[in-house]
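For reference, the structure discussed in these notes is given below.
The values are calculated or read from the model by the stated rules, or taken from the named source; none is laboratory data. These numbers come from a predicted model, not from an experiment. A quick note on method: Cβ atoms are made from the backbone with ideal geometry, for glycine too, and the neighbour counts reach across all protein chains shown. These accessible areas exclude ligands, DNA and RNA; they are computed on the full protein's heavy atoms, side chains included. Shrake-Rupley method; radii C 1.70, N 1.55, O 1.52, S 1.80 Å.
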Amino acid sequence: MNTKHRIIAGSSSLVLLLVFGLWLTSEKTEVDVLIDDLSSTDSETRYKAAKRLSELGPQAAPAADALSEVLVSDPESRVRYRAAKAISKVGISASGVTTALANALSDTDEEIRYYAVKSLSQFGPEARDAVPQLAEALQDDNPKVRYYAAKALKNIDKDAAPAVPALKLALNDPDEGVRNAVARALDEIQ
């Protein structure tokens, strides 16, 4: 084989490698497929996608925006619940996610409120924009929601100062665990 044929043969191999490389990188990941499934018209598909993203934990971080959208807009309560739970398992924080979780604190489903506030409690100071909703959540009917609202405010630290009046009222909560969480929050914030 002369030099000209070796260059052409080498170029053909390079083209094949490039095409194969593009094919490999264009394949959707499991998370990408699940993100697409969150937009399905079938509620069971959306539910299963959110559940699987929850199981993937931090690997599902690229799904944050899609999960936030489902949390605030899905017509099915059980799908919103799974989205809230997925966000809590994924352990992500971003302003869009924080806003969606803060809005979910007023959901009619107490499990959605629970997972929303539990997620916010993990964000620390990044959840500062949710302080007004967290202060309101201190009056939720569910003691788990009230507990995690206090915990979230504690973790936000000094930026949660606007919630001090609501926290002081919550010192009289009927649940001892909530009262203890409120006391710890006040110690941290003041």
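Overview of values
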| read-out | value |
| --- | --- |
| Residue match in the range 159-178 (condition: in contact with a Gly (Cβ under 9 Å, 6 or more places away or on another chain), within 27 Å of Gly96 (Cα to Cα) and open to solvent by 80 Å² or more (accessible area, probe 1.4 Å)) | no |
| Output for the range 64-78, where each listed residue is assigned to a helix (DSSP H, G or I), closer than 13 Å to Ala104 by Cα and open to solvent by less than 30 Å² (accessible area, probe 1.4 Å) | Leu67, Ser68, Val70, Leu71 |
| Where a residue in the range 151-173 is within 19 Å of Ala127 (Cα to Cα) and part of a helix (DSSP H, G or I) and its partner, wherever it lies, is open to solvent by 70 Å² or more (accessible area, probe 1.4 Å) and basic (Lys, Arg), with Cβ under 6 Å and at least six apart | Lys154/Arg184; Ile156/Arg128; Asp159/Arg128 |
| Residues located in the range 75-103, provided they are at pLDDT below 85 and of a type in the set (D, E, K, R) | Lys89 |
| Any hit, the range 101-116, residues being open to solvent by less than 50 Å² (accessible area, probe 1.4 Å) and either without any contact (Cβ under 8 Å) to a residue 24 or more places away in the chain or among the polar types (S, T, N, Q) (or both) | no |
| Candidate set: the range 31-76, residues that are among the hydroxyl-bearing types (Ser, Thr, Tyr) and over 24 Å from Phe123 (Cα atoms); chosen: the one nearest to the chain's Cα centre (by Cα) | Tyr47 |
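Yes/no matrix, rows are residues, columns are (1) open to solvent by 70 Å² or more (accessible area, probe 1.4 Å); (2) of a type in the set (Asp, Glu):
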| residue | (1), (2) |
| --- | --- |
| Leu120 | no, no |
| Glu136 | yes, yes |
| Pro143 | no, no |
| Arg146 | no, no |
| Lys151 | yes, no |
| Ile156 | no, no |
